[in-house]
Amino acid sequence: MTGFGSSTVDRDGVHLSVEIKSVNNRYLKLSARLPDAVARFESEVEKLVRARVARGTVQMSVRLRFPGGQSGYRIDTEVLNSYQQQLLAMDEGRSDISLASLLQLPGVVAEAELPEELVNSVWPIAEEAIIRALEHFHDFREREGESMRIDLQKQCDAIASHLSEIIAVAPQVISDYRDKLLERVRRLTNDASISVSPNDVIREVALFADRCDINEETTRLSSHMDQFRRMLDGETSQGRKLEFIGQEMFREINTIGSKANSVDVAHCVVEMKASIERIREVLQNVE
């Protein structure tokens with residue numbers, strides 16, 4: 001599920017900001033850009049995230065500024081000058097090399113050495129800011145989740161509507177087959193000296209009815225949809241269970257399509273499969 005959250009905490013001259021973004025992933029994957037003063041608590045940062053997020057690729061960025069405008073970084077002028085001299089020599093003395101380009105090179109910008117007591121004061125501030133950002137992140141995903149719940153409910157209702165149509169026309173499929181079979185028998189007996197026993201017709205219709213019987217499939221599909229709806233209305237994250245039920249629903253729909261010898265049923269099955277595909281797409285984003 002996509003999401004976004006941010007927060008800023010200013011305390012004792014320390015300014016710390018956190019930004020959290022996520023994109024879809026079946027599992028939880030955390031990528032955090034942390035200043036050294038916070039990186040030493042990376043395991044604690046991961047615990048905070050895992051306690052509140054179950055799925056998604058989560059990107060976290062933490063920015064830190066110390067009292068007096070200190071950023072916690074310094075420019076190594078020796079390394080900078082060395083790069084500059086080497087590049088000028090390669091470029092035959094031309095001086096169109098930008099400072100911004102030089103600052104991107106390895107070793108030019110390094111972590112500044114800060115007093116230990118100042119570094120130790122950072123974690124409580126960072127923890128507060130991260131928790132606040134995660135709360136905003138959670139609220140964002142709650143709103144998105146409600147939108148997805150409505151979409152999933154809509155697709156489930158569409159499947160239920162088509163299932164009702166199938167259940168209504170299923171008996172007519174057998175009746176139509178019987179009428180067509182009797183018509184063919186009448187034509188054969190009129191055109192040639194062929195005798196067909198009524199029992200043969202009854203047996204053939206019974207075999208056809210058995211092959212086309214979809215009562216078990218429609219019953220199971222209805223049960224799966226009831227369970228799907230209950231999970232949608234639940235309070236906890238059920239993404240993976242919903243995915244599994246969606247697979248079971250597709251299996252029943254596929255069987256109905258292969259067994260029911262009817263244009264009307266085939267049309268309903270196509271529409272139901274389209275709804276299942278939409279459900280799959282949405283569930284990829286559900287925690």
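Read-outs throughout are calculated quantities, based only on the coordinates presented, and are distinct from any laboratory measurement. Keep in mind that this is a model prediction, so the values were computed, not measured. With ideal geometry, Cβ positions are generated from the backbone for all residues, glycine too; neighbour counts draw on all protein chains shown.
Annotations for the structure displayed:
- Remark: the Q284-A160 segment gains 42.4 nm on full extension, using 0.36 nm per residue and subtracting the alpha carbon distance.
- Using 0.36 nm per residue and subtracting the Cα-Cα separation, the extra length available between L103 and R229 on full extension is 39.8 nm.
- Segment 254-271 residues near the modelled Q172 label - backbone nitrogen below 18 Å, point 7 Å along Cα→Cβ: 257, 260-271
- Cross-link partners for K21 among the lysines, with Cα-Cα distance under 22 Å and sequence neighbours closer than 8 places in the same chain left out: K29, K47.
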